[in-house]
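Here the structure is laid out as structure tokens; the discussion comes afterwards.
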């Protein structure tokens, strides 16, 4: 209740301050986003500053913490008090806000800027179009994989990275024998645990089944889901995870890998931006490998989010908003600044690939070679369902032995969300 009260006060402050600063001026644009602190605050400041200098349009910028943003933006949408633009995740979350009538389509801007020649067709189709219209400008996208400390692996005598599930477990056993926790997971805010569920399900049941589950067309008590949870439980029971995962956030887990307390963490490429900002050197201090194959013959999928910006249906400064949206995607300098600063991959095909360090370059190659690209769990299903699933992951990390009861409770949520 205290958290909700704070959020409501924050919403009132944002909805009061933002229009007051810029109402009636087409030389300004109001923006709200979650790129704060470790998620790219410095880079987004640089991008907005360059836009202001080039266009003369003032950006009134309102960053919120990642977790507070998720609730605040929905409260503001329900009240019709959204800023001109706000950052959002492509997929089911954007679909949810589109269906609420809170967003303006941007087909005219898309055509005017000839964006089909800028954005790869796979991203354009999968991330920007909802109900047959363009609503989202992709700003960057990420890939989730195993990011590891090369020195820890070398000290344990590991010279080959795992490509199969058996090889992965053997590597973890070697690390445990060397006195090192194989895996760091900071699931305090629940979402970092989702990548384990995503990949375990995708590598066994495959992308089509996983999509059916996300849409409420399959059950959390199906054998496919049960098997994924059992595989996850085997890893926890074997002592592969740093204890008390729910006591840490994702940056804590990243620090545990960087300082050698753990060998690796399953996280998105934004971790490279965090590590680079702390002085770590790609390849020398950190590297990555893809989630290994579990069942042969299952299409190989990559998991990750597409971060974008959307325009509210009642934007007070639509012309300035469209100008900023176009700039964010088409300006290659802005795209490069963001990709380097946040540890993202650019959706602009014209960005020089030499901007990427070796780790990011190879991550992009993995995505390009994948047979499917899947949005991570909380972006692949509707927000009310995502809350139920994220709760399940956190419960699981507290007590893996209760996984069947968690799955039954999560299916009960699915019945309410999607209807029995």
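Can you tell me how many residues in the stretch 112-170 are in the same structural domain as residue 93 (by TED's automatic domain parsing), free of Cβ contacts under 8 Å to residues at least 24 places away in the same chain and surrounded by 14 or more Cβ atoms within 10 Å (Cβ to Cβ)?
Residues flagged as in the same structural domain as residue 93 (by TED's automatic domain parsing), free of Cβ contacts under 8 Å to residues at least 24 places away in the same chain and surrounded by 14 or more Cβ atoms within 10 Å (Cβ to Cβ) within the stretch 112-170 amount to 2.
Scan the stretch 226-241 for residues that are under 23 Å from residue 268 (Cβ atoms) and assigned to a helix (DSSP H, G or I) and jot them down. Before you say what the answer is, go through the steps one by one.
Narrowing the stretch 226-241 to residues under 23 Å from residue 268 (Cβ atoms): 228-229, 231-232, 235-236, 240-241.
Result: 228, 229, 231, 232, 235, 236.
What helices (runs of 4 or more DSSP H) completely inside the stretch 37-100 contain at least 3 residues that are in contact (Cβ under 8 Å) with a residue 24 or more places away in the chain, out of contact with any strand residue (DSSP E or B) (no Cβ under 9 Å at 6 or more places or on another chain) and surrounded by 19 or more Cβ atoms within 10 Å (Cβ to Cβ)? Quick ask: steps written out before the conclusion?
Numbers: elements: 41-55, 66-79, 92-99.
Where helices (runs of 4 or more DSSP H) fall fully within the stretch 37-100 and carry at least 3 residues being in contact (Cβ under 8 Å) with a residue 24 or more places away in the chain, out of contact with any strand residue (DSSP E or B) (no Cβ under 9 Å at 6 or more places or on another chain) and surrounded by 19 or more Cβ atoms within 10 Å (Cβ to Cβ), they are 92-99.
Does at least one position in the stretch 276-296 carry a residue that is closer than 23 Å to residue 144 by Cβ, crowded, with 17+ Cβ neighbours inside 10 Å and out of contact with any strand residue (DSSP E or B) (no Cβ under 9 Å at 6 or more places or on another chain)?
yes
Just checking: which of the strands (runs of 3 or more DSSP E) contained wholly in the stretch 249-337 hold 1 or more residues that are farther than 22 Å from residue 175 by Cβ? Before the answer, list the steps.
Working: elements: 262-268, 287-289, 301-303, 306-311.
The qualifying strands (runs of 3 or more DSSP E) are 262-268, 301-303, 306-311.
Please go through the stretch 374-391 and pick out each residue that is outside any loop (DSSP other than H, G, I, E, B) and in contact (Cβ under 8 Å) with a residue 60 or more places away in the chain. Please lay out each step first, then the result.
First pass over the stretch 374-391, keeping only residues outside any loop (DSSP other than H, G, I, E, B): 374, 377-380, 383-391.
Result: 374, 377, 378, 379, 380, 383, 385, 386, 389, 390, 391.
Can you tell me which residues in the stretch 229-263 are without any contact (Cβ under 8 Å) to a residue 60 or more places away in the chain and under 14 Å from residue 152 (Cβ atoms)?
Selection gives 255, 259.
Is it the case that residue 186 is at positive phi and in a loop (DSSP other than H, G, I, E, B)? First the steps, then the outcome.
Values: at positive phi: no; in a loop (DSSP other than H, G, I, E, B): yes.
For residue 186, the condition - at positive phi and in a loop (DSSP other than H, G, I, E, B) - is not met.
What's the number of the condition residue 403 fails, among (1) part of a helix (DSSP H, G or I); (2) assigned by TED's automatic domain parsing to the domain that holds residue 113?
For residue 403, the failing item is (2).
Can you give me the number of residues within the stretch 374-406 that are under 27 Å from residue 338 (Cα atoms) and either surrounded by fewer than 22 Cβ atoms within 10 Å (Cβ to Cβ) or in contact with a strand residue (DSSP E or B) (Cβ under 7 Å, 6 or more places away or on another chain) (or both)?
5
Tell me, please, whether a residue that is touching a helix residue (DSSP H, G or I) at 6+ places or on another chain (Cβ under 8 Å), under 28 Å from residue 382 (Cβ atoms) and assigned by TED's automatic domain parsing to the domain that holds residue 135 can be found in the stretch 51-61.
Taking the stretch 51-61 and keeping what is touching a helix residue (DSSP H, G or I) at 6+ places or on another chain (Cβ under 8 Å), we get 51, 54-55, 57-61.
Add one more test, that the residue is under 28 Å from residue 382 (Cβ atoms), and what stays is none.
Checked against the condition, which is being touching a helix residue (DSSP H, G or I) at 6+ places or on another chain (Cβ under 8 Å), under 28 Å from residue 382 (Cβ atoms) and assigned by TED's automatic domain parsing to the domain that holds residue 135, the stretch 51-61 yields no hits at all.
Scanning the stretch 336-373 for residues that are more than 21 Å from residue 299 (Cβ to Cβ) and without any contact (Cβ under 8 Å) to a residue 40 or more places away in the chain, which turns out surrounded by the most Cβ atoms within 10 Å (Cβ to Cβ)?
356
The values are calculated or read from the model by the stated rules, or taken from the named source; none is laboratory data. Keep in mind that what you see is a predicted model, and the values were worked out from it rather than measured. We place every Cβ from the backbone using ideal geometry, glycine too, and count neighbours over all the protein chains shown.
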